[in-house]
Every structure is written in structure tokens, then in C-alpha cells.
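Student: The structure that follows is given in the form of C-alpha cells.
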Amino acid sequence: MGGTGNVRALTLLLFVLLATSNCYSQTYTQRGFLETKNTFYPQEAPNDRAHTVGESLFRYEGFLSPTSSVQLAGALDFRIDTHRQVDRDFQLSWQDREIRRPLGEIRRLSATYHKGPLTFEMGKHFIRWGKSDIVTPTDRFAPRDFLAVVDNDFLAVTAARFNFEKGTNTIEAVWSPRFTPSRIPIPNQRWAVLPELPPGITLRDAGAAFPGGPQSGARWNHTGAIEYELSFYQGFNHLPSFDAVPRFTSSGIQVDVRRFYPKIIMVGGDIAASTPWFTLKGEAAQFNSSDDRADEYALYVIQLERQSGEWFFVGGYAGEAITRPGTRVADFAPDRGLTKTLLGRAGYTIDANRNIVFEAAVRQNGEGVWVKSEYSHLLGLHWRATLNLTLISGNTGDFLGQYHRNSHAMIVVRYSF
Amino acid sequence: MSRVLTAVFNISFLLLQIDPRQILEESQRRTMTQSQHYEGTLRVIDAKSKITEKRWQYDRIGSHGSSKAVLRFTAPAEVKGVALLVLNHPDRSSDQWMWTPALNRDRRIALQDRSTRFFGTDFSFEDLEERDTNQFDFRLLSEESIDGASCWKVQSTPRQTKVSQYTHSYLWIREDNYAFAQIENYNKDQLVRRAHYSDIRNDQGIWTAHQIDMHDAKRNSHTILRIEKLQYNVPMKDDAFTREALSRES
């Protein structure tokens, strides 16, 4: 799938599917949007002096069902921006391995066959596991675009998924032949917080070592008065760790920093139980690795949920326990970075067209705080305007606190069709 | 004086003779179908008379306590694809899951959250369940006229196995065709919601309201659901009513 020829073939296939949709108009659905997003940062960052970033995204999604048992799903993204977070060369990307966001991307292209309790899906698609919000330890087939760390979006994975749902039980098995990494902040931009180095020492991005093997996983879910799930994953962490190799050059010491994605085995589970007052959710996973450079650790989340009138509340705690420290130099790990943290989310529906949402994460040691408030207004049947204010404070050594210069205001205008 | 006595006698006779459960069971029997499909247009009218339009597509297989339903928004554009799966049970409250395409994830709607309004409409999640007579106790109260049609007014009280935001409801059932004319839902003595059924037509032998006006008494807002392209007993597959199917978008 990696070659240009294959990408062209897939693109052609997608367009053929969309074009043939006219023949099957009764079984074709589509949707999409054009969105412009303007972000204003009051503070400069040491590696990024820009105060404003403008982005536009056009997304088209189509779903074609040629028979009652088969569905083809395709989605395309086209982007432009003012801050070189998007590649300038046009290329329709399939891999999602670029440092920058691709200008054109096949976001999804998958075929689903279902018969009775069986569903089989293959291609590039989204797979979500787990029940908790903000931090979801068992959600292993869900890499994300973290170019702006606190405003991230999921990336699809290339995989085959087999699902068997019968009564109150669901068994799912996933096999992914190709690794999809999370996209991390670009080194010369504000969301990449680089260490302060003594004079004479420079860092060089030595690229990434993408793992070549497949990933696989399985989960069993039981629904009842108490819903629970057990899951197993064997593959690679989609969040990178970093190795550093110093080299002596004529101008001083150059440190080559290389991304790698350690092998992991995850065993986890989640549970959701309703009480008359709230829903209690818990999710936990243990991560082991045969790679000594990587930590072995457990992540867990406990959260309470409640909807009352026009309000909804989610509040909880995410924790981490390191069972074996690794030897790597550093990680980019938002999932672990949001542990030892109190998490909260609240929303209020003002009326059919307007709502507000508040989100917050406060580190238990008080060294990092992230607060987001968002007001959203639907205008007519197609337009939505959203105003977002994000405040981040704390110490440089903390995962959240390191972004204390990145508090921002954002205006998003979206036309949906 | 004699007219009053006659009326009192008639009402007493009615109350003694008619079992309200039989009325509700007959009403339920007359609406038993293998499946139902319709496209609904919703006009949400808030207290300031501001109108918002939404549309959904509704599919149901089975009837009442043994039914399964999927309700999928088709408009406005930004909520296209959002879907609700309702698995009704004869002996307890339904199970509900909501699918949000933007998250690629379903979320179970907990029992204690069912009083919440469904996506900005005046229907709560609980109102989207199919009522089953086995989950309620009934008491015949009187005869009243709704929209010129003579109706039985029945009080329904949820049994212990049925978790409900409403302590009791008043049901008006038309005497001529056993169709619902109105439902008032109460929490203690406070009116919470009133559903008024109108444009009642005979579709494939089933008397069906083509317009439901749901009034939220607290917010003083209305949602008017117009039912279009209604079909009963269309072929549907059981596997279209699962959590996995919820994520299939068309």
C-alpha cells in the first residue's frame, strides 16, 4: 500500500465508488464539512514566534451499500494552513507517517461485510476500544494527530477487523499489517517543547525507525446491568520514545534524536456500572515490553458520569504505576502525561442550537493545569461557529505545565453538508 | 339533577365494567407489527418561538416490549449519522446506545440519564422507548373528549421493575380506534411533558398519528414530529439492530 501506484489505485477506486453512487442513490449516504480554524496565541514560544495560525479542512465521507450485507466507506481530507503544519506538495497520502499533515489524504477507505452476528471489515478505518474519556488506556488501535497536543484528532489504521456480536456478548479480533504512528508536534513549532541545551550542543532530528511487524488484538465485551470488557493487544506503541546519540562535530556536539516505537503487550479491561445517581466507569491496562528501552507500566482511570437536565458531568482520576523503568532518553506520551491527574468535563445545552463545554485537567502535584471552555452556536442548518478558550499553566518539567506558553483562543467556523 | 345522576351512573358503570388493562392491551394488540419505518421531521420551537428543524429516520423490528429500534439523524448536516439504538424489554427498561460518528464510538445511555432531552428535542431518551403494558399498572379515571373524539382517560403507573423519570402518566385512548390521543407525564404533581397525537390515519390497517406534538412544560418548548413515508411490515433484518450495526452509517 506504500507505493505511489497503490495510492493512485486506491484513489481511483474511491472515486469510482463515489461516482457509481448515482447508480445506487437509495443506498448511498454522504456528509462532510469545510472548516476554517483560527488560533491566536498571546505568548511567543522560544522556537515559534507566530501568534496566529490559520487552517482550513475540507472533509468528504461517503458510504455505499451495494447489497444489504456489504458497505464501502470512503473519506477524503484536503487541508491548507498558514503555519506549515501541512505539506505544501500535493500528494494523496494513505500512510499517515508524514511529519506534517498531508495536503490530501485518504482518511478512510474500507469494506465491511456482515451476515447475522458476524462483521468483517478491512481497509483503512477507525477502531476504538475502551469506555473512559480523555485518557483511554485500552484504546490501542487509535493513533492521533497531536500536532497541537490538546486539540487532537484520530487517525485511521490499516487493519482487518472481525466482530461477532450475539446477545449480550461481543468478541472482536483485529490484525493490522502496517503500523500507523501518532503524529507528534513539529520540532520547530510551539507544541514541541525542546530542552534547554548548553552552548555548543545542538539537536538533530534523525528521523524515525518505524517497526515492520504486524499488530494484533482481541477483546471480549459483555453487556448487562454491569458492562465489562477484557482486551489484549500485541504490537507497538503508536506514541514514540526517543533515543539520543551524541556525535562530535567541528562546531561542537550534535545529538541525533531518533524516534522509535517500542514493542508492547497490553492486557487490560474496563467496566461500567450504573447506580441511581451516576455511572461509574473504570479502565485499566498493564503495558509490558521486550524492549528494555521502554518503561513497563500500568495506567488506570476511574470516572463518574451524570446527566441532569441540560447538564452533563464527567469527573475522574487517571493514575499510573511504573513497574519497570526503561532506558530511553524521553517519550512523547500524552496518555501517560495526563495521569496522576484529576480530570473533569461538564457541558450545558443552552437550547437546540447552543451549548457550552468545560474541560479541565489538574495534576495532583499542582504543577500543571489545563482548562478549556468552548461555546458553540449552530446557525441555520449548515453553519456552526465555535469559540474556544484554552488556558495552560504550570512548570516546565510537567507534561501539561511545559505548554504554559500555549494558552490560546480559537475561532472555528464550519459549514456542514 | 336527573342529568347529573345519569352522568354519575354512566361513569360508575363504565368504571366498573371496563378493565383499563384490557383497553391498553387492545391498543397494543392493534399496533402489533413485524416492523416499522418512517422518516420524521422535527420542528423544535423554544419558549421564544425560535424554530430549529431536524430530521431522523426510524426503523423498528418487532413490537412493544420485544422490539428493537434504530433512530438515525439525517439533518441538520452536522449531526448526520448520529444514531440511537433502543433495545426494548418486556419486563424492564430498555437498553440504549448512542453512536456519534465524530468520536467513532458508541455510548450507553444510563438509566439515570434517560430524563435528558434527546439531541435538543423535547423528547427525552425515555420517551423514545416503546411502552409495554406489562410494565405499568392502570386505573381508568373517566371519559373525556380530545380533538372531538371520545377517549378513555387512564392513569398509568410504572411498576418497580421499570425505572422512569415519571411517577405516573395520564393516557387518553380513543374509543373508536384505540389510538393514543394524548399522554401527560407527571413527576409527583408536576406536569413534565405532554404528547399530543394528531392527524391519525389508518395505514395498512393500523391507526397511526402522523403528528406528535411533544410539549416540555418546564421549558415551555415544543417539538412537533411529522411522520412521513410510513411503512409497516417492511422486510428488516435482526442484525441491523445491534451495536455493531449502529456504526454502519447507511
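Student: What are the pairs with Cβ atoms under 7 angstrom where one residue, in the range A:322-349, is at positive phi and the other, located anywhere, is outside any strand (DSSP E or B) and open to solvent by 30 Å² or more (accessible area, probe 1.4 Å)? Sequence gap at least six, or different chains.
Tutor: Pairs found: A:Lys340/A:Gln364.
Student: A further question on this structure: Specify the residue that is nearest to A:Met122 (Cα to Cα); the eligible residues are those in the range A:165-185 that are β-branched (Val, Ile, Thr) and at pLDDT 95 or above.
Tutor: First, pick out the residues of the range A:165-185 that are β-branched (Val, Ile, Thr): A:168, A:170-171, A:174, A:180, A:184.
Checking which are at pLDDT 95 or above leaves us with A:170-171, A:174, A:180, A:184.
Details: A:Thr170: 18, A:Ile171: 16, A:Val174: 10, A:Thr180: 15, A:Ile184: 26 Å.
Within the range A:165-185, the match that is nearest to A:Met122 (Cα to Cα) is A:Val174.
Student: Which one is surrounded by the fewest Cβ atoms within 10 Å (Cβ to Cβ) among residues in the range A:59-93 that are among the hydrophobic types (A, V, I, L, M, F, W, C) and away from chain B (no Cβ under 14 Å)? Step through it out loud before you land on a result.
Tutor: Taking the range A:59-93 as the starting set, the residues that turn out to be among the hydrophobic types (A, V, I, L, M, F, W, C) are A:63-64, A:70, A:72-73, A:75-76, A:78, A:80, A:86, A:90, A:92.
Restricting the remaining residues to those that are away from chain B (no Cβ under 14 Å) gives A:76, A:78, A:80, A:86, A:90, A:92.
Values: A:Leu76: 21, A:Phe78: 17, A:Ile80: 14, A:Val86: 21, A:Phe90: 9, A:Leu92: 18.
In this case the residue turns out to be A:Phe90.
Student: Same structure again: Out of the residues in the range B:106-115 meeting the condition of being under 18 Å from the mean Cα position of the chain (by Cα) and without any contact (Cβ under 8 Å) to a residue 40 or more places away in the chain, tell me which one is nearest to the other protein chains (Cβ to nearest Cβ).
Tutor: Filtering the range B:106-115 for residues under 18 Å from the mean Cα position of the chain (by Cα) gives B:109, B:111, B:113-115.
With without any contact (Cβ under 8 Å) to a residue 40 or more places away in the chain added as a condition, the list becomes B:109, B:113.
Working: B:Ile109: 9, B:Asp113: 4 Å.
Among them, the one singled out is B:Asp113.
Student: Determine whether B:Arg248 is basic (Lys, Arg), within 12 Å of chain A (Cβ to nearest Cβ) and in contact with a helix residue (DSSP H, G or I) (Cβ under 9 Å, 6 or more places away or on another chain). Even if it seems obvious, please write down each step before you answer.
Tutor: On the way: basic (Lys, Arg): yes; within 12 Å of chain A (Cβ to nearest Cβ): yes; in contact with a helix residue (DSSP H, G or I) (Cβ under 9 Å, 6 or more places away or on another chain): yes.
In short, yes.
Student: Now a separate question. Hey, which of the strands (runs of 3 or more DSSP E) in the range B:28-85, taking only ones fully inside, have at least 2 residues that are crowded, with 16+ Cβ neighbours inside 10 Å and of a type in the set (A, V, I, L, M)? Working first, answer last.
Tutor: Values: elements: B:35-45, B:51-61, B:68-75.
The qualifying strands (runs of 3 or more DSSP E) are B:35-45, B:68-75.
Student: In the list B:Phe136, B:Phe118, which residue meets the criterion of being open to solvent by less than 30 Å² (accessible area, probe 1.4 Å) and free of Cβ contacts under 8 Å to residues at least 60 places away in the same chain? Walk me through how you get there before you give the answer.
Tutor: Values: B:Phe136 fails: free of Cβ contacts under 8 Å to residues at least 60 places away in the same chain.
After applying the criteria, what remains is B:Phe118.
Student: Can you tell me which residues in the range A:94-114 are open to solvent by less than 40 Å² (accessible area, probe 1.4 Å) and closer than 18 Å to A:Ile80 by Cα? Show your work before the answer.
Tutor: Start the filter on the range A:94-114 by keeping residues that are open to solvent by less than 40 Å² (accessible area, probe 1.4 Å), which leaves A:94, A:96, A:101-112, A:114.
If the condition is that a residue be open to solvent by less than 40 Å² (accessible area, probe 1.4 Å) and closer than 18 Å to A:Ile80 by Cα, then A:Trp94, A:Asp96, A:Arg101, A:Pro102, A:Leu103, A:Gly104, A:Glu105, A:Ile106, A:Arg107 are the ones that fit.
Student: Where in the range A:333-417 are there strands (runs of 3 or more DSSP E), lying fully within it, with 1 or more residues that are in contact with a Ser or Thr (Cβ under 7 Å, 6 or more places away or on another chain) and of a type in the set (S, T, N, Q)?
Tutor: Working: elements: A:341-349, A:354-363, A:368-379, A:383-394, A:408-416.
Correct list: A:354-363, A:368-379, A:383-394.
Student: If we keep just the residues of the range A:380-393 that are farther than 30 Å from B:Arg55 by Cα and open to solvent by 30 Å² or more (accessible area, probe 1.4 Å), which is farthest from the other protein chains (Cβ to nearest Cβ)?
Tutor: Narrowing the range A:380-393 to residues farther than 30 Å from B:Arg55 by Cα: A:389-393.
With the extra rule that they be open to solvent by 30 Å² or more (accessible area, probe 1.4 Å), the set shrinks to A:389, A:391, A:393.
Details: A:Leu389: 21, A:Leu391: 24, A:Ser393: 28 Å.
So the residue we want is A:Ser393.
Student: Restricting attention to the range A:307-332, which residues are more than 24 Å from A:Met266 (Cβ to Cβ), open to solvent by less than 70 Å² (accessible area, probe 1.4 Å) and assigned to a strand (DSSP E or B)? I'd like the intermediate steps shown before the answer.
Tutor: Pass one, the range A:307-332, residues more than 24 Å from A:Met266 (Cβ to Cβ): A:307-313, A:315.
Keeping just the survivors that are open to solvent by less than 70 Å² (accessible area, probe 1.4 Å) gives A:307-310, A:312, A:315.
Selection gives A:Gln307, A:Ser308, A:Phe312, A:Gly315.
Student: Let me ask you something else. So in the range B:90-105, with the set limited to residues that are in a loop (DSSP other than H, G, I, E, B), over 15 Å from the mean Cα position of the chain (by Cα) and under 19 Å from B:Gln165 (Cα atoms), which one is nearest to the other protein chains (Cβ to nearest Cβ)?
Tutor: Start the filter on the range B:90-105 by keeping residues that are in a loop (DSSP other than H, G, I, E, B), which leaves B:90-94, B:101-104.
After this cut, where a residue has to be over 15 Å from the mean Cα position of the chain (by Cα) as well, the list is B:90-92, B:101-104.
Applying the additional criterion that residues be under 19 Å from B:Gln165 (Cα atoms) yields B:90-92.
On the way: B:Pro90: 16, B:Asp91: 13, B:Arg92: 10 Å.
Taking the candidates together, the pick is B:Arg92.
The values are calculated or read from the model by the stated rules, or taken from the named source; none is laboratory data. On a predicted model such as this, the values are computed, not experimentally measured, just so you know. Here Cβ is always computed from backbone atoms with ideal geometry, including for glycine, and neighbour counts include all displayed protein chains. Only protein heavy atoms, including side chains, enter the accessible area calculation; ligands, DNA and RNA are left aside. Shrake-Rupley method; radii C 1.70, N 1.55, O 1.52, S 1.80 Å.
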